[in-house]
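Input: a single structure, listed below in C-alpha cells.
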Amino acid sequence: MASCRTHHKELDDSGVGKCSVPMWMGGYPAGFCDEPAYGKPEPYKLIECADGRTFRTDGRYDGYVPYLACHAHGGPKYKRHDG
C-alpha cells in the first residue's frame, strides 16, 4: 500500500488537506479517500457490542483514520476560520 503523503498528514496554508483513510477494492489496497479534509477526526465515544463490533454514539464512521479525515470519515465539516 502507498504511504501517506504530507497532504494526508498536514493541512496546507489554506487549511485544507486530503483524507487519509485507506480504500480497498476486491480485498486489495486502492489508495486513499483523498476527499478534502479540514482536520483530524473529532472526539467521540464508542459502544462495543457483545460480538466485538464497535459503533460511535453519534453514528459516524468509526474505522481506521491514520491522520486527516474528511467529513464522511469523522472529520470536521468545514474549514476553520481563525480571526
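The values are calculated or read from the model by the stated rules, or taken from the named source; none is laboratory data. All figures in this text were calculated on a predicted structure; none of them were measured in a lab. Positions of Cβ are backbone-derived with ideal geometry, glycine not excepted, and every protein chain shown enters the neighbour counts.
Just checking, which of GLY26, GLY52, GLY39, GLY17 is out of contact with any Cys (no Cβ under 9 Å at 6 or more places or on another chain), at positive phi and surrounded by 13 or more Cβ atoms within 10 Å (Cβ to Cβ)? Steps first, answer last, please.
Details: GLY26 fails: surrounded by 13 or more Cβ atoms within 10 Å (Cβ to Cβ); GLY52 fails: surrounded by 13 or more Cβ atoms within 10 Å (Cβ to Cβ); GLY17 fails: at positive phi.
None of the others qualify; the one that does is GLY39.
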Scan the range 44-71 for residues that are in a strand (DSSP E or B), in contact with an Asp or Glu (Cβ under 9 Å, 6 or more places away or on another chain) and of a type outside the set (Lys, Arg) and report the count.
3
All but one of (1) free of Cβ contacts under 8 Å to residues at least 24 places away in the same chain; (2) surrounded by 16 or more Cβ atoms within 10 Å (Cβ to Cβ) hold for LEU11, so report the exception by its number.
(1)
Just give me the residues in the range 15-35 being assigned to a strand (DSSP E or B) and under 15 Å from the mean Cα position of the chain (by Cα), in sequence order.
GLY17, LYS18, PRO22, MET23, TRP24, GLY31, PHE32
Somewhere in the range 36-43, is a residue modelled with pLDDT of 90 or more, out of contact with any Gly (no Cβ under 8 Å at 6 or more places or on another chain) and either closer than 24 Å to GLY15 by Cβ or assigned to a loop (DSSP other than H, G, I, E, B) (or both)?
no
Just to verify a result, which residue in the range 1-14, among those that are at pLDDT 90 or above and assigned to a loop (DSSP other than H, G, I, E, B), is farthest from the chain's Cα centre (by Cα)?
ASP12
Can you confirm whether PRO76 is surrounded by 14 or more Cβ atoms within 10 Å (Cβ to Cβ), assigned to a loop (DSSP other than H, G, I, E, B) and out of contact with any Lys or Arg (no Cβ under 6 Å at 6 or more places or on another chain)?
yes
